[in-house]
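First up is the structure itself, then whatever we jot down about it.
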Amino acid sequence: MSIICKLQWIKLKATIRHLFSKPSSAILTILLSSFYILLIYMSVSLKTNAQPADPNVSAMIVVGMSAFLIISQLASKRQLLMKETDAYMMFTGPFTKRQIMSFIAMTTLLQSLMLALYPMYFLVAFIMNTTLPFLLFTYLYCFVFFMFFMLLVDILHILEIRSAKNKWIRKFILTAFIAFLVLLYLVNLFEVGFDFGRAMTTFIRNPLIHFVPLFGWMKLALTSFLTGNMTFVLLAFLLTLACMLIAFIYFINIKDDFCEKAYDEAVNFTQNYARLKRGERIVDKVKINDDQPTHFRPGAFAILSKNLLIMKRSKNLFPLQSVIMVLIFFVMSLFMGMGSAYFLSMSFMCVFFIMNDFSLEAEIKNYQIYLIPDSSFKKGIACALPYLVKALMIILLIMLFCLFGFKMKLLEIMPVALNLLGVSLTMISGTMISYRIMKSRNNAAVEQMLRMLLLLMMLIPSGILAGVAAFAFDFNLVLITILPFVFNLVFALLLLKSASSIFNGTDLLSD
């Protein structure tokens, strides 16, 4: 075991050395660390006249962020036990299977120490009058919590390497957890007469949630610590610690032969990481789940038919990650009392996240697009429409939450919905302009910069236009909404038109 600890220590020193190897990365590391420490210091030392935060709210911030991270890990299709250099060293060196598993477990331990910082960051960001003992206990509990789940993810991955049929276990865990929470919320919703706001308040205070393994125990431990009930704190912590130790013992004693598959995955990860550093995009292989025939539109809009078909069959038209993100912001807005304004502002982040998935790389590399006897402008529109449909699905979900969750009127929601659509259009046009300007030198970083620049170019004039319309038309809400949207639409179409030559095969190679 000593040699494994020594190897991990050497790795940790090398990682820290790498962070400070360049002035830019060193400055960024110091700034981020300083910001995090300052945020914690302000949260602990700042004395406000405000009432102390509700223990249930403080606990649910930590539980909600932890749940999001764990669900993301469990739902991820890209799993990795070790990086390529580690895999080569451990699989070719004179190490026993138990030593290899211990090395992976220690890597998981270091990852858990880092992951435990994220819920703490959200806690001090939203609650500005916490105490240092509570923050230290939260970090310790989150570390044990994440250690268990990261080990669980590794165990499930090894079981899936053993047999693809074992993938049902991961799906069952996710489904059972979400189904229990939904059922509990529906019971509360029925009890309060279908008042979504009151249902969420009673949901986070319902003692039944403490019976949810691990997540419920976390809430019990944190709320009990704030209320001074150390018996329940100890009980919940020991239960979580016992689960982690059982998972650890089981993990280091696994005898399965997974070395070849794990090494292949490590090599693929290294290659994909190198591609990302070059600015390329990593796209998962499309798994076809529907063999029914479809109708293809003529001309350039055959591209639209093809992309919509791929999205539907790969279940990417209504992405689960985006739905979960919207749901989390909705829940936070309700039980933290931030209201619809916070939810709508966060909805821009959701749409921005979805539009980051838009890429022209696959289309431009497909020579068949240049053989379609149609205008390049129509080809550009056909490429953009599927992603607009994708954004529109999330926008409609956001509108439904506003209508039924916050009891907003349709006229109050429409300006935000149209602005979200305008943001989507501008981001798509920004990607096309990036290809038009940078040509074969284009990369993801340049795309992001151009998108942000174009968003500013769009928001400033549209904001001025909305202000002028408000005074000129006596604050007519319809005109204040429609005029900026029309401006954004024309602006995006002009950008798309100016970049459309890339769909004829010209303006693609840099000088």
Which loop trypsin sites (Lys or Arg not before Pro) in the range 75-168, with loop taken from DSSP, have no more than 10 other Cβ atoms within 10 angstrom of their Cβ?
Lys77, Arg78
Between Phe404 and Thr231, how many nm apart are label points set 7 Å from Cα along the C-beta direction?
4.2
Taking amide H atoms as placed 1.01 Å from N in the peptide plane, list the residues 5 or more away in sequence, or in a different chain, whose amide H sits under 5 Å from that of Ser375.
none
Estimate the FRET efficiency between Val187 and Met393 by the formula 1/(1 + (r/R0)^6), using the beta-carbon distance for r and 30 Å for R0, to the nearest 0.05.
0.55
Protection-proxy order for peptides 216-226, 32-42, each taking the mean of Cβ atoms within 10 Å per residue, highest first
216-226, 32-42
Classified through the alpha carbon gyration tensor (a ≥ b ≥ c as square roots of its eigenvalues; rounded if a/c is under 1.5, else prolate when a/b is larger than b/c, else oblate), the range 349-424 comes out prolate
What figure, in Å² to the nearest 10, do you get for the accessible area of His295 with a 1.4 Å probe and non-protein molecules left out?
140
Which order do Cys243, Cys142 take by accessible area at a 1.4 Å probe, largest first?
Cys243, Cys142
Cα→Cβ-extended label distance, 7 Å offset, between Phe20 and Asp256, nm
4.0
Heavy-atom accessible area per residue, the range 165-249, 1.4 Å probe: how many Å²?
58
On a 32 Å Cα-Cα criterion, which of the cross-link pairs Lys219/Lys407; Lys22/Lys379; Lys83/Lys171; Lys83/Lys255 come out too long?
Lys22/Lys379
Please work out whether the range 133-227 counts as rounded, prolate or oblate from its C-alpha gyration tensor, where a ≥ b ≥ c are the square roots of the eigenvalues and a/c under 1.5 means rounded, while otherwise a/b larger than b/c means prolate and anything else oblate?
oblate
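The values are calculated or read from the model by the stated rules, or taken from the named source; none is laboratory data. Computed from a predicted model, the values in this text were never measured in an experiment. No Cβ is skipped: glycine too gets one built from the backbone with ideal geometry, and neighbour counts run over all protein chains shown. All accessible areas refer to the heavy atoms of the entire protein, side chains included, with ligands and DNA or RNA removed. Shrake-Rupley method; radii C 1.70, N 1.55, O 1.52, S 1.80 Å.
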